[in-house]
């Protein structure tokens, strides 16, 4: 009888422990947004005085912020001023960012408030924006209005860049072209691409990198040697 | 290193690899292709390209800003704050104690035996006469003790 009790008790303990372990595993495997995690790393670096890390965030988000603000402000040069002010404000306040939200959400809020203040200064009534609006703007496809405010020179430069990228992609070896297309057009992860292309993840990583390097090398003379603005 | 940068750009890098990469990237003087990767993505995804000067302008302005070295801003610990309120009181008490101790040391003097020394050099008869003629309470006391 006692033996049975012991067995029953130890079995219960085993099950409890097993459940805890399963829960821990679930916690570990809970999907964390990798983009947010990487941004957080860059922010932490910037908080420790690494301006280069902040520069990577600037590169990553300045065009997106530009597109977001183009919904509120029509003049392209005004938008650029607001984008610049927003990044400076974000940098000054970077130590207040604790990662409660994604970095870009925090940055977008700064951008929207800066744009609102800008419009108020000009005596214009800013459009009210809430969380849903921000989400909608983040996901919008393109900003056709912006094109109307581009100079002929910037339009030409943009066209040259687009043509160069497209031509280079077309001339890439099949496996590189397929890898970069699956990543950039379809937004697939390396794991998904490796399944589709039936090759190891390391190979996917290498193919995408090589494709990017080829395209970047083609773009460099166009951007660096000509002091053109687009 | 650029291959890792490309993986970072795709959010496909492990946490420890990011740290290593950023340290290496800081040591490297040559600029990396991060901005080109972003440009290529924008072209492929048919996004508006914006201005190439904007990033440079922003980074020039950031370079002029004082370097941030604050780390994470954390909410204040209320319990620590309430404990720290006692510090001024404790410091006041310590100050008073030190002042008191110094004052005590200054007033702690040795008994002066100058009177005895003077008395020793004066002949006893003269002293007795002096005491006998002095008109004070002390005089009575001395006279009594002298009689003993």
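Throughout, read-outs are computed from the coordinates displayed, never taken from laboratory work. Fair warning: this is a prediction, and the values are worked out from it, not measured in the lab. Backbone-built Cβ (ideal geometry, glycine too); neighbour counts: all protein chains shown.
Remark: mean inter-chain Cβ contacts per residue of A:35-41 equal 4, using a 10 Å Cβ-Cβ cutoff to other protein chain atoms. The ranking of B:42, B:19 from fewest to most other beta carbons within 10 Å of each one's beta carbon is B:19, B:42. Annotation: the residues A:120, A:83, sorted from fewest to most other C-beta atoms within 10 Å of their own C-beta, follow the order A:120, A:83. Legend: mean number of C-beta atoms from other chains within 10 angstrom of residue C-beta atoms, peptide B:8-21, equals 5. Spin-label pair residue B:93-residue B:132: with each label point 7 Å from Cα along the Cα-Cβ axis, the two points sit 6.4 nm from one another. The mean number of partner chain beta-carbon atoms within 10 angstrom of a residue's beta-carbon across peptide A:198-208 is 2. Among A:94, B:99, the ranking by other beta carbons within 10 Å of each residue's beta carbon, starting with the fewest, stands as B:99, A:94.
The share of alpha-carbon pairs in segment B:32-71 lying farther apart than 12 Å comes to 69%.
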